[in-house]
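Inspection log for the structure reproduced underneath, given as structure tokens.
The values are calculated or read from the model by the stated rules, or taken from the named source; none is laboratory data. Computed from a predicted structure; not experimentally measured. All Cβ positions, even for glycine, are placed from backbone atoms using ideal geometry, and neighbour counts span all protein chains on display. Only protein heavy atoms, including side chains, enter the accessible area calculation; ligands, DNA and RNA are left aside. Shrake-Rupley method; radii C 1.70, N 1.55, O 1.52, S 1.80 Å.
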Amino acid sequence: MTETKNTITFTPERLAKAKEMIARYPEGKQKSALMPIMHLAQEQFAWMSQEVMDYVASLLDITPVEVYEVATFYTMFHLEPVGKHVIEYCRTGPCVLMGGEEVYAHLTQKLGVKKGQTTSDGLFTLKEVECLAACGWGPCFQIREKYYMNLTNDKVDDIIRELSR
């Protein structure tokens, strides 16, 4: 997608991919492509602004509120600008019991941010999430599709150092 003065549009390549996604579903069922197209949009913009969500709705010929409902339900969609790396940190019971509170405190101190904040260099956003379904390997966090499990303070330091390059 590219953004111009007040117009959001997919690049020709992304538009072709979106049309391909929509074509997978029977006529009148184009809403079935909503989540894949939202992922496609977020890949480009890094977050789902109201304008981006409105554009997605227009592509699918659905109401904007249908996109807003999905964007606000799933934590994978970012409703505000985020850093290059969004650390989705599990704060539920099993991770806490496995040392997650201490590791989380270290992570926030290391980054100098609290939940929902982005580092001043724009590299990291810290986002608390419910269970990441890796309860036996906690504490854990996820960055994009990659899980980081059995976290310790030293592992956190190594991950932050690697992603800061």
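Just to confirm the filter: which GluC sites (Glu not before Pro) across the stretch 85-165 are DSSP coil and have at most 12 other Cβ within 10 angstrom of their Cβ?
Working: sites: GLU88, GLU101, GLU102, GLU128, GLU130, GLU145, GLU162; in loops: GLU130, GLU145.
Taking the stretch 85-165 and a limit of 12 other Cβ atoms within 10 Å, the loop GluC sites (Glu not before Pro) found are GLU130, GLU145.
In the neighborhood of ARG144, defined by Cβ-to-Cβ distances under 13 Å, what is the net charge if each Lys or Arg adds +1 and each Asp or Glu adds -1?
Values: positive: LYS84, LYS127, LYS146; negative: GLU43, GLU88, GLU145.
With Lys, Arg at +1 and Asp, Glu at -1, the net is 0.
What number, rounded to the nearest 500 deg cm²/dmol, is the helix-based mean residue ellipticity at 222 nm of the chain, given -39500 (n - 2.57) per DSSP H run of at least four residues and division by all its residues? Let's see the in-between values first.
On the way: 6 runs with 67 residues, N = 165.
Dividing the helical sum by the residues of the chain leaves -12500 deg cm²/dmol.
Mind giving me the FRET efficiency for MET76 and ARG165? R0 is 25 Å, r the Cβ-Cβ distance, nearest 0.05 is fine. Working shown, then result.
On the way: r = 25 Å, r/R0 = 1.00.
Efficiency, rounded to the nearest 0.05: 0.50.
Could you work out what % of the accessible surface of the stretch 55-145 is carbon and sulfur, using a 1.4 angstrom probe and leaving DNA, RNA and ligands out of the count? Don't skip to the end; give the middle numbers.
Working: 2660 of 4750 Å².
Taking all protein chains in place, the stretch 55-145 shows 56 percent carbon and sulfur surface.
Compute the long axis of helix 12-23 from its Cα atoms, compare it with the longest principal axis of the Cα atoms of the chain, and write down the angle in degrees, 0 to 90, nearest 10.
80 degrees
Which trypsin sites (Lys or Arg not before Pro) in the stretch 1-63 sit in a loop by DSSP (not H, G, I, E or B) and have at most 12 other Cβ atoms within 10 Å of their own Cβ? The partial results should precede the final answer.
Values: sites: LYS5, ARG14, LYS17, LYS19, ARG24, LYS29, LYS31; in loops: LYS5, ARG24, LYS29.
Here the trypsin sites (Lys or Arg not before Pro) that fit, given the DSSP loop and packing criteria, are LYS5, ARG24, LYS29.
Quick check for the chain: number of Lys pairs with alpha-carbon distance under 20 Å, counting only pairs 8 or more apart or on different chains?
So the count of such lysine pairs works out to 20.
What full-extension length gain, to one decimal in nm, is calculated for THR63 and ALA23 as 0.36 nm per residue of separation minus the Cα-Cα distance? Write out the running numbers ahead of the final one.
On the way: separation 40, 0.36 × 40 = 14.40 nm, distance 1.91 nm.
Fully extending the segment from THR63 to ALA23 adds 12.5 nm.
Given that just one value was derived from the coordinates, which of (1) 11, 42, 32, 13, 2, 0; (2) 10, 34, 28, 20, 8, 0; (3) 11, 44, 38, 6, 0 is P(r) over Cα pairs in 10 Å bins from 0, in percent?
(2)
Given R₀ = 35 Å, what would the calculated FRET efficiency be for ARG144 paired with LEU97, taking r from the Cβ atoms and rounding to 0.05?
0.85
What is the helix-to-structure angle for 50-60, meaning the angle in degrees between its Cα long axis and the longest Cα principal axis of the chain, kept from 0 to 90 and rounded to the nearest 10?
Computed tilt is about 50 degrees.
Using alpha-carbon pairs under 8 Å, 6+ residues apart, how would you state the relative contact order of the chain in percent?
Working: 221 pairs, mean separation 28.0, N = 165.
For the chain, the relative contact order is 17 percent.
Count neighbours as other Cβ atoms within 10 Å of each site's Cβ, and list the trypsin sites (Lys or Arg not before Pro) in the stretch 105-153 that are DSSP loop with at most 11 such neighbours.
Numbers: sites: LYS110, LYS114, LYS115, LYS127, ARG144, LYS146; in loops: LYS114, LYS115, ARG144.
The qualifying sites are LYS114, ARG144.
So for the stretch 85-164, averaging the separation of alpha carbon pairs under 8 Å that are six or more residues apart and normalising by length, what relative contact order in percent results? Write down the numbers at each step before the final one.
Numbers: 123 pairs, mean separation 31.2, N = 80.
Relative contact order for the stretch 85-164 comes out at 39 percent.
What angle, in degrees between 0 and 90 and rounded to the nearest 10, separates the Cα long axis of helix 64-73 from the longest principal axis of the Cα atoms of the chain?
20 degrees
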